[in-house]
1. When you check L112 against the structure, is it out of contact with any strand residue (DSSP E or B) (no Cβ under 9 Å at 6 or more places or on another chain) and more than 20 Å from E363 (Cβ to Cβ), yes or no?
2. Do the conditions hold for A234, that is, is it crowded, with 17+ Cβ neighbours inside 10 Å and either on the phi > 0 side of the Ramachandran plot or within 20 Å of the chain's Cα centre (by Cα) (or both)?
3. Out of all the residues in the range 6-25, is one or more surrounded by 18 or more Cβ atoms within 10 Å (Cβ to Cβ), within 29 Å of L187 (Cβ to Cβ) and touching a Ser or Thr at 6+ places or on another chain (Cβ under 9 Å)?
4. In this structure, does R109 turn out to be in contact with an Asp or Glu (Cβ under 6 Å, 6 or more places away or on another chain) and part of a helix (DSSP H, G or I)?
5. Just the residues that are assigned to a loop (DSSP other than H, G, I, E, B) and either acidic (D, E) or surrounded by fewer than 16 Cβ atoms within 10 Å (Cβ to Cβ) (or both), please, taken from the range 135-152.
6. Looking at R317, R297, can you tell me which residue is touching a residue at least 60 places away in the same chain (Cβ under 8 Å), under 24 Å from the mean Cα position of the chain (by Cα), surrounded by fewer than 24 Cβ atoms within 10 Å (Cβ to Cβ) and assigned to a helix (DSSP H, G or I)?
7. Please verify whether A240 is modelled with pLDDT of 95 or more and not assigned by TED's automatic domain parsing to the domain that holds S172, treating the condition exactly as stated.
8. Taking the conditions exactly as written (out of contact with any Phe, Trp or Tyr (no Cβ under 6 Å at 6 or more places or on another chain) and assigned to a helix (DSSP H, G or I)), does E4 satisfy them or not?
Amino acid sequence: MDLELTDDQRLLKDSVNGLLTRRYPDVVKTRAEMAKEPGGYNATGWKEWAEQGLTAIPFAEDDGGLGQGPVEMALVGEAIGRTLALEPFLATVVLGGGAIRHAATADQRARLVPGIVSGDLTLALAHQEKQSRFDLFDVATTAKPDASGGYVLEGEKMVVLNGDSASKLIVSARTAGDRRAKDGIGLFLVDPKATGVSIRGYATQDGRRAADISLSSVKVAKDDVLGDPAKALAALERTADEAIAFLAAEAVGAMEVLHEATLEYAKTRKQFGVAIGSFQVIQHRLVDMFTALEQARSIAIYGSMMAGEDNATERRRAMHAVKVQIGRSGRLVGQDAIQLHGGIGMTSEYKAGHYFKRLTIIELSFGNTDHHLRELARMGGLIEASKPAA
């Protein structure tokens, strides 16, 4: 199997790394400046992402995109992880864009994708509810048909990434069945300024923005129902799997920076007149960090390969394994980075803590390590044991 990047992929990697390094030359300072911006990021900077074609990567050429895949998305994710970029790529392109790619009709894609590609349309996927935990099918928000052929939404969504700044919301709601039924779930395009929509935005622990959203008799036109209003769960699950692969690559980028920073600190920080990196116990910890990083890198590559798998069972099995290893590696690298830096690692003025916070949020996104370990065990492991012959 050839794991080498193609010329086009290397060009993309250099391009996105150059853009984000230029926009985030000092991670701590730039993030503090971004926090003052409406929505938590610079809108002009987001347009620059679009001008470089980053917002077009996963969309089919027929829809106005570049027709590229999970490997190209992973290259962007790793660059975001290295710089802790705050622009809404995950919310708009990965989550919102994924829902549109997998659930919307051709006419709907033709209407929506050009706006995403140009950077004019930002999205927020509102799928999580206070009782749902990590189950995408646990949906209490309801969508009832009205006389116009559209629907009326009632319910609440929690921790919607970039939900307080998105141009449009994509809301999962139940059209039939009980709260945990796997059929009867639809995806609805909602104007955040529509009557009945209430949004409470807030900063998250990793410096990003999220919102809790209330929907009270919110009317959605027939054309804003993405695909089949009762069969959207498969599209939602595929979008979540692609997001897991993307977040794994982002985590690798963040772990790389933490390991590099800790290694450099160990070479320069002195105790008892010598650099702490000369102590064998510190060397062992640095090797453990490097080992965890390389394990994470390997599983992230596997995740990007499996994100495009059409077999939902095998794709889900792979993403369970990805989340387990990324969660374990992220915790080890993050904790060791903080401990080996000492007190400075805990301060908001130094970058180590910011990276560890992001790794912590990634570990919790779409199911934590324990959840995915249980699900992987339930499925028989990454490589299912062969059944004995009859």
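The values are calculated or read from the model by the stated rules, or taken from the named source; none is laboratory data. Because the structure is predicted, anything quoted here is derived from the model rather than measured. Neighbour counts are summed over all protein chains in view; Cβ atoms, including those assigned to glycine, are modelled from backbone coordinates with ideal geometry.
1. When the stated conditions are applied, L112 does not pass them.
2. Details: crowded, with 17+ Cβ neighbours inside 10 Å: no; either on the phi > 0 side of the Ramachandran plot or within 20 Å of the chain's Cα centre (by Cα) (or both): yes.
Considered against the rule, which asks whether it is crowded, with 17+ Cβ neighbours inside 10 Å and either on the phi > 0 side of the Ramachandran plot or within 20 Å of the chain's Cα centre (by Cα) (or both), A234 comes out as no.
3. no
4. On the way: in contact with an Asp or Glu (Cβ under 6 Å, 6 or more places away or on another chain): yes; part of a helix (DSSP H, G or I): yes.
Judged against the criteria, R109 is a match.
5. Start the filter on the range 135-152 by keeping residues that are assigned to a loop (DSSP other than H, G, I, E, B), which leaves 135-141, 146-150.
Result: D135, D138, D146, A147, S148, G149.
6. Details: R297 fails: touching a residue at least 60 places away in the same chain (Cβ under 8 Å).
Every option except R317 fails the conditions.
7. Details: modelled with pLDDT of 95 or more: yes; not assigned by TED's automatic domain parsing to the domain that holds S172: yes.
In short, yes.
8. Working: out of contact with any Phe, Trp or Tyr (no Cβ under 6 Å at 6 or more places or on another chain): yes; assigned to a helix (DSSP H, G or I): no.
No.
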